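What follows is one structure encoded as structure tokens, with my remarks underneath.
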Amino acid sequence: MSKPTLPAFDPSDVAETNYTSYPEELRSVNQNRWNRRLGDHAGIRNYGVNLTRIVPGGQSSSRHAHSHQDEFIYILKGEAVLETNAGRQVLKAGMCAGFPAGTGDAHRFVNESSEDVLLLVVGDRTAGDEITYPTLDLHAKLGSDGKYVFSRKDGTPY
């Protein structure tokens with residue numbers, strides 16, 4: 001009989017990647033943030049937990065809003081500028097923000113400082129989610145395979 005694996009792990013043991021599924025012509029602006037997919041590593045399937053590092057000059061993502069999925073972000077280290085429909089707000093370590101699904105409050109985090117920003121990002125994986133991007137000609141719809149399919153706002157595929 002094999003010994004069960006312990007559930008605890010060091011986040012630094014999880015690979016860090018700056019992969020984004022955005023269409024190729026929109027990827028470069030999001031290449032200055034790095035994710036460790038902690039929830040996936042732990043085998044969690046109902047929601048995602050990511051440790052996101054944004055280097056100076058980078059952003060968490062393009063400004064976006066989810067139709068069906070909630071997001072919660074906790075600032076672990078550094079200072080990030082949160083941009084939402086209401087404007088800009090500086091968040092420091094220990095602060096957090098929540099984005100309920102369906103509100104249309106498009107958001108992103110930008111690192112305008114000279115130090116890395118570290119975020120803990122938690123979001124659910126509700127089926128049927130769509131993402132709107134107010135500043136880009138971009139729309140995303142969650143497929144049955146759990147991956148987003150991107151199109152232009154008029155429905156033309158990328």
Just one of the numbered conditions (1) over 27 Å from S113 (Cα atoms); (2) at pLDDT 95 or above; (3) not β-branched (V, I, T) is not true of K3; which one?
-> (2)
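Given the structure, is F9 over 23 Å from S114 (Cα atoms), touching a residue at least 12 places away in the same chain (Cβ under 8 Å), of a type in the set (F, W, Y) and not in a loop (DSSP other than H, G, I, E, B)?
no
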Which one of these is exposed (fewer than 14 other Cβ atoms within 10 Å of the Cβ) and closer than 18 Å to P134 by Cα: A101, A106, A86, A65?
-> A86
Report, by residue number, each residue of segment 114-140 that is surrounded by fewer than 16 Cβ atoms within 10 Å (Cβ to Cβ) and under 17 Å from G58 (Cβ atoms).
-> S114, E115, D116, T135
Taking only pairs six or more apart or across chains, which ones have beta-carbon atoms under 8 Å, a first residue in segment 35-53 that is farther than 14 Å from E71 by Cβ and of a type in the set (D, E), and a second residue that is modelled with pLDDT of 95 or more and part of a strand (DSSP E or B)?
-> D40/G48
Filtered residue count, segment 118-141, keeping only those that are touching a Lys or Arg at 6+ places or on another chain (Cβ under 9 Å) and within 16 Å of I44 (Cβ to Cβ) | 1
In segment 122-139, the residues that are in contact (Cβ under 8 Å) with a residue 40 or more places away in the chain, under 13 Å from H64 (Cβ atoms) and either of a type outside the set (D, E) or touching an Asp or Glu at 6+ places or on another chain (Cβ under 9 Å) (or both) | G123, I131, T132, Y133, P134, T135, L136, L138
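The values are calculated or read from the model by the stated rules, or taken from the named source; none is laboratory data. Everything numeric in this text was worked out from a predicted model, so none of it was measured. Positions of Cβ are backbone-derived with ideal geometry, glycine not excepted, and every protein chain shown enters the neighbour counts.
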